[in-house]
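J.: Dumping the structure here so I can ask a few things about it.
The values are calculated or read from the model by the stated rules, or taken from the named source; none is laboratory data. Note that this is a predicted model, so its numbers are computed, not measured. FYI the Cβ positions are ideal-geometry reconstructions off the backbone, even for glycines, and counts take in every protein chain you see.
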Amino acid sequence: MKHAILGATALALLATGATAQEVTLGRFFGDCENAGTDTKASVGEACIIQSIINAADAQLDGVSVNTLPTDWGNYYDQIKAAYAGGTPPDVHVMHRHRVPEFAGIGALADLTDDLAAAGIDPSDWEAAALEAVTYNDRIIGVPMDFHANLWHINMDLMDAAGLVDESGAPILPSSPEELLEHAAAVKAATGQNYLAADFAQFPLGVRLVLALVWQQGANVFDGDTATLDTAEARNAISAVTQLFDAELANPQLNYADSQQAFLNGEAAILVNGTWVVDFYASEAANTETALSNYYAADFPTLFGDGATWADSHMWAIPAPLKANDPETYNAALQVLAFINDHNIDWARTGHMAVRSSVLESAEYAALPHRNEYTGTADIARDTPPSARYGAIQDVLNREFQAIWLTGKSPDDALADAQLDVQDLLDR
Amino acid sequence: MPQHQAKRLALSQRQAALILLLPFMVVYGLFLVYPFFNGVWISLHDWNLMAVAFNPDAKAFVGLQNYERVMWGRNITWGAFASPALQVIGLLGMLASFLLYRSGRAGRVTAIAMGLAALLLFVLPGFHPGEGGRWYDRRFWPTVGNTILFVGLAVPGVTITAMLLAAALNGETRAKAVLRTLFFLSQVLSVTVVTLIWQIMFSPRQGLLANVTELLGGSPIVWLTAEGFAMAAIVIATIWWSLGIAMILFLAGLQDISQDLYEAGALDNATGAKAFWYITLPNLKRTITVVVVLQIILHFQVFGQSHLMTNGGPNDTTQVLVRYIYQTAFRDSELGRASAMAVFLFVIMGAFSILQFVLGREKDE
């Protein structure tokens, strides 16, 4: 009897093992408890991605997807520790800016020759998307989006300050001087701040300053040389700090507080990414939210050339999985194919799609506010590729925050940042 | 032990002890001693977290270079009055410990410990980069300074609050029992919960503190991003969090004090605050030592409060040693360098552990 029970249990285990290949998945974007499987109804990054994952789990034959608990803020620390411990998730999301760090030591599986069989067509990807997932001429990931900084606008406040043109579009500044004028006009007309952003926690203020540096044709490092302590960096910083000095913007708000200020109608403009367009659109439709007339604009050009901070989300498979466990590897590829097929659903967040067929579709063009930031793809920029990207961002965040939160002089902050970035590049 | 019994057991006391200790020794060796020596070994290498995982040969032995890169610099010189404030305090401390010992107010060991601490305070801040020189890692020593500042604020904060609470709640009424439980409750929360609670408390938009300040007609303080308040904010959260254990230790200490002392004191008109000062405090001396040293060791390892509430900011004012170690190891993948810092932290905490050991023995004599 005992043997019969054991045998039956073993058989049952074998049977379930054969019908469902479990794929573990690591991602950031935050939690969504009841995302469901409807990829057309969910709102916000966390719920949209989870609904796509849940749908993959439900619809893919013989594949079950297990989303691992991860934390946004410490995501890469967790993933790297998992790689070092030999237990990385079978598929995981990452940013393009991390490719040199991960692919540089051969951590990511080479997918080049396996994509077609999995039903993924790289020729449908935009050239920039293919470039984002290519390392040493091999494809090491499946791109999911381009995302960039936008100016999210409360049109009622802009209208009150006379900053709306005849076509109904916002009038945005074209120089640092105009920026200050507009900000003063909003304050005078409405009593509210002109601009809000997370200048106190995540590096959103850094990305704003970086965009202004790039607009002057400069950058923060070039190859192995830090190029931070420059006149261009000072111009970019003073364009921002003039707003703080005139009390037309508050540098002490973090991500949640700055977003709340915008939704409460306490700031005409919020500088934040493409990832919140659908969320703000749904909040604007909500009568309880002060924001009611929302517009998503391209990052304006205050200096010579257009530029805004941008990056890409992509999915990768660890190299050891491909080498040691072909069955799970194939299942993982199916999950990536499913996500690639749902590129249009992910674009509902506000992100830009990576597949040409999606970008040209009527469904994509019909997404809310999509026609308001069509120029962003052309001005998308980032710092040069570096395995030290995370640490360099932290240096910039620390030193820039020191300027507007603690009154450190831009000269001292830039000199210190220059030294620290150079140290990182030298290591 | 009678001899015939020992024969029947066939195990000497020593053998029995060894067998009983074995499980502990194995676990201790495997999970504490081995990782410690492994950490020291890693600190002598250029060791990239990810690269070594994929290729064990990707590490290189560099001797003490990690220690040099972290703690030293180019053209470092020493001056007797390079940072006068700290060094003068150090000098005064050495003088004070000598005088206290001479006048018999401090024991020999206490005096030596105090004197050594004062000597370090005189010597260490004297190092500074000379002309054209610089620290290789300009953030390490300020981070150590922040950690010491945190310990310097949190330990007295916890000790004094816990002692006052214990004195107030030492009794057999039901209300006191309920309050004791309430005050202890915060201790069982995890650091994530504690920091979440306090982030909401400190929030300038929705926080309790902001609402109170506004009620009183002030404009709310942005605690977590204001240079002067961020450290205070994480210290306050820490005191609230780690009150419980200290309070229990003090309660145990209080219950050891004989009631006779208070009765005798009352005859001499020593009640209330006087009784606390002349009877309670002197009798709690030993408990205070234990609490202080335990708290020092505990709070040198502060991490979550800084990492989750302030991200080490603004301008690195709340960057603490363990967070720096964490970032170096996991964000920067530089395991060797991080291990060197961890060994440094071990030396500090080891010194305090020895101090506790020594002080504990001195009282026994």
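J.: For the range B:222-234, how many residues are over 14 Å from A:Asp257 (Cα atoms) and outside any helix (DSSP H, G or I)?
T.: Of the residues in that region, 4 qualify.
J.: Answer with yes or no whether B:Glu334 is within 14 Å of chain A (Cβ to nearest Cβ) and modelled with pLDDT under 95.
T.: Yes: the conditions hold for B:Glu334.
J.: Let me ask you something else. Give me the pairs, please: first residue somewhere in the range B:52-67 and within 8 Å of another protein chain (Cβ to nearest Cβ), second residue anywhere and of a type in the set (Ser, Thr, Tyr), beta-carbon distance under 7 Å, and either six or more positions apart or on two chains.
T.: B:Ala53/A:Tyr83
J.: How many residues are in a helix (DSSP H, G or I), within 19 Å of A:Asp394 (Cβ to Cβ) and aromatic (Phe, Trp, Tyr) if we restrict to the range B:302-351?
T.: 3
J.: What is the number of the single condition among (1) modelled with pLDDT of 95 or more; (2) in the same structural domain as A:Met158 (by TED's automatic domain parsing); (3) in contact with a helix residue (DSSP H, G or I) (Cβ under 6 Å, 6 or more places away or on another chain) that A:Gln252 does not meet?
T.: In the conditions (1) modelled with pLDDT of 95 or more; (2) in the same structural domain as A:Met158 (by TED's automatic domain parsing); (3) in contact with a helix residue (DSSP H, G or I) (Cβ under 6 Å, 6 or more places away or on another chain), A:Gln252 misses (1) alone.
J.: Please determine whether any residue of the range A:189-196 is closer than 28 Å to A:Tyr280 by Cα, under 23 Å from the mean Cα position of the chain (by Cα), part of a strand (DSSP E or B) and touching a residue at least 12 places away in the same chain (Cβ under 8 Å).
T.: Yes: one or more hits.
J.: Restricted to the range B:71-86, and to residues that are at pLDDT below 90 and in a helix (DSSP H, G or I), which residue is surrounded by the most Cβ atoms within 10 Å (Cβ to Cβ)?
T.: Looking at the filtered set, the residue picked out is B:Leu86.
J.: Please verify whether the range A:392-405 includes one or more residues that are surrounded by fewer than 19 Cβ atoms within 10 Å (Cβ to Cβ) and either aliphatic (A, V, I, L, M) or without any contact (Cβ under 8 Å) to a residue 24 or more places away in the chain (or both).
T.: Among the residues of the range A:392-405, not one is surrounded by fewer than 19 Cβ atoms within 10 Å (Cβ to Cβ) and either aliphatic (A, V, I, L, M) or without any contact (Cβ under 8 Å) to a residue 24 or more places away in the chain (or both), which makes the answer no.
J.: Further question: Determine whether A:Tyr364 is hydroxyl-bearing (Ser, Thr, Tyr), in the same structural domain as A:Pro89 (by TED's automatic domain parsing), more than 26 Å from A:Thr227 (Cα to Cα) and crowded, with 19+ Cβ neighbours inside 10 Å.
T.: no
J.: Can you name the residue in the range A:75-88 that is surrounded by fewer than 17 Cβ atoms within 10 Å (Cβ to Cβ) and at negative phi and, of all such residues, is nearest to the other protein chains (Cβ to nearest Cβ)?
T.: If we take residues in the range A:75-88 being surrounded by fewer than 17 Cβ atoms within 10 Å (Cβ to Cβ) and at negative phi, then A:Gly85 is nearest to the other protein chains (Cβ to nearest Cβ).
J.: Also, quick follow-up: Against the definition (over 23 Å from A:Tyr255 (Cβ atoms), under 18 Å from the mean Cα position of the chain (by Cα) and either of a type in the set (Val, Ile, Thr) or outside the structural domain of B:Phe276 (by TED's automatic domain parsing) (or both)), how does B:Val151 come out, yes or no?
T.: So B:Val151 passes the test.
J.: Would you call A:Leu414 crowded, with 19+ Cβ neighbours inside 10 Å, assigned to a helix (DSSP H, G or I) and more than 10 Å from chain B (Cβ to nearest Cβ)?
T.: The answer is yes for A:Leu414.
J.: When you check A:Ala331 against the structure, is it modelled with pLDDT of 95 or more and not in a helix (DSSP H, G or I), yes or no?
T.: It is false that A:Ala331 is modelled with pLDDT of 95 or more and not in a helix (DSSP H, G or I).
J.: How many of the residues in the range B:300-329 are facing chain A (nearest Cβ under 8 Å), over 18 Å from B:Ile236 (Cβ atoms) and not acidic (Asp, Glu)?
T.: 3
J.: Does the range A:230-247 contain at least one residue that is outside any helix (DSSP H, G or I) and surrounded by 19 or more Cβ atoms within 10 Å (Cβ to Cβ)?
T.: No - not one qualifying residue is present in the range A:230-247.
J.: Out of curiosity, is B:Thr280 touching a residue at least 12 places away in the same chain (Cβ under 8 Å) and not in a helix (DSSP H, G or I)?
T.: Answer is no for this residue.
J.: Could you list, in sequence order, all residues of the range B:339-365 that are touching a residue at least 60 places away in the same chain (Cβ under 8 Å) and aliphatic (A, V, I, L, M)?
T.: Correct list: B:Ala340, B:Met341, B:Ala342, B:Val343, B:Leu355, B:Val358, B:Leu359.
J.: Let me ask something else about it. Could you say whether any residue in the range B:206-216 is over 20 Å from A:Gln260 (Cβ atoms) and either in contact (Cβ under 8 Å) with a residue 24 or more places away in the chain or not in a helix (DSSP H, G or I) (or both)?
T.: yes
J.: If I filter the range B:122-144 for residues that are outside the structural domain of B:Gly228 (by TED's automatic domain parsing), farther than 23 Å from A:Val395 by Cβ and among the β-branched types (Val, Ile, Thr), do I get at least one hit?
T.: For the range B:122-144, residues outside the structural domain of B:Gly228 (by TED's automatic domain parsing), farther than 23 Å from A:Val395 by Cβ and among the β-branched types (Val, Ile, Thr): present.
J.: A further question follows. Going through the range B:27-51 one residue at a time, which ones are part of a helix (DSSP H, G or I), closer than 22 Å to B:Phe140 by Cβ and within 13 Å of chain A (Cβ to nearest Cβ)?
T.: Correct list: B:Ile42, B:Leu49.
J.: From the list B:Phe250, B:Phe276, pick out the single residue that is in the same structural domain as B:Val293 (by TED's automatic domain parsing), in contact with a helix residue (DSSP H, G or I) (Cβ under 9 Å, 6 or more places away or on another chain), at pLDDT 90 or above and under 26 Å from B:Val158 (Cβ atoms).
T.: Going through B:Phe250, B:Phe276 in turn, the sole match is B:Phe250.
J.: Go through the range A:151-167 and give me each residue that's surrounded by 20 or more Cβ atoms within 10 Å (Cβ to Cβ) and either over 30 Å from the mean Cα position of the chain (by Cα) or of a type in the set (Val, Ile, Thr) (or both).
T.: A:Ile153, A:Ala161
J.: Among the numbered criteria (1) among the charged types (D, E, K, R); (2) within 14 Å of another protein chain (Cβ to nearest Cβ); (3) in contact with a strand residue (DSSP E or B) (Cβ under 7 Å, 6 or more places away or on another chain), which single criterion is violated by A:Lys408?
T.: (3)
J.: Here's a follow-up. Answer yes or no as to whether A:Ala200 is farther than 30 Å from A:Gly162 by Cβ and without any contact (Cβ under 8 Å) to a residue 24 or more places away in the chain.
T.: Criteria not met by A:Ala200.
J.: Something else now. Using the structure shown, decide if A:Arg388 is more than 24 Å from A:Leu253 (Cβ to Cβ), basic (Lys, Arg) and at the interface with chain B (Cβ under 10 Å from one of its Cβ atoms).
T.: yes
J.: Name the residues in the range B:130-178 that are of a type in the set (A, V, I, L, M, F, W, C), within 14 Å of another protein chain (Cβ to nearest Cβ) and assigned to a helix (DSSP H, G or I), would you?
T.: Hit for the range B:130-178 is B:Phe140, nothing else.
Here's the yes/no breakdown for (1) touching a residue at least 40 places away in the same chain (Cβ under 8 Å); (2) within 27 Å of A:Asp77 (Cα to Cα); (3) in the same structural domain as B:Phe127 (by TED's automatic domain parsing); (4) part of a loop (DSSP other than H, G, I, E, B):
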{"residue": "B:Met25", "(1), (2), (3), (4)": "no, no, no, no"}
{"residue": "B:Arg69", "(1), (2), (3), (4)": "yes, yes, no, no"}
{"residue": "B:Leu91", "(1), (2), (3), (4)": "no, no, yes, no"}
{"residue": "B:Ser97", "(1), (2), (3), (4)": "no, no, yes, no"}
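J.: Working only within the range A:265-283, note down all residues that are within 27 Å of A:Glu181 (Cβ to Cβ) and either buried (at least 20 other Cβ atoms within 10 Å of the Cβ) or modelled with pLDDT under 95 (or both).
T.: Residues satisfying the conditions are A:Glu266, A:Ala267, A:Ala268, A:Ile269, A:Leu270, A:Val271, A:Asn272, A:Gly273, A:Tyr280.
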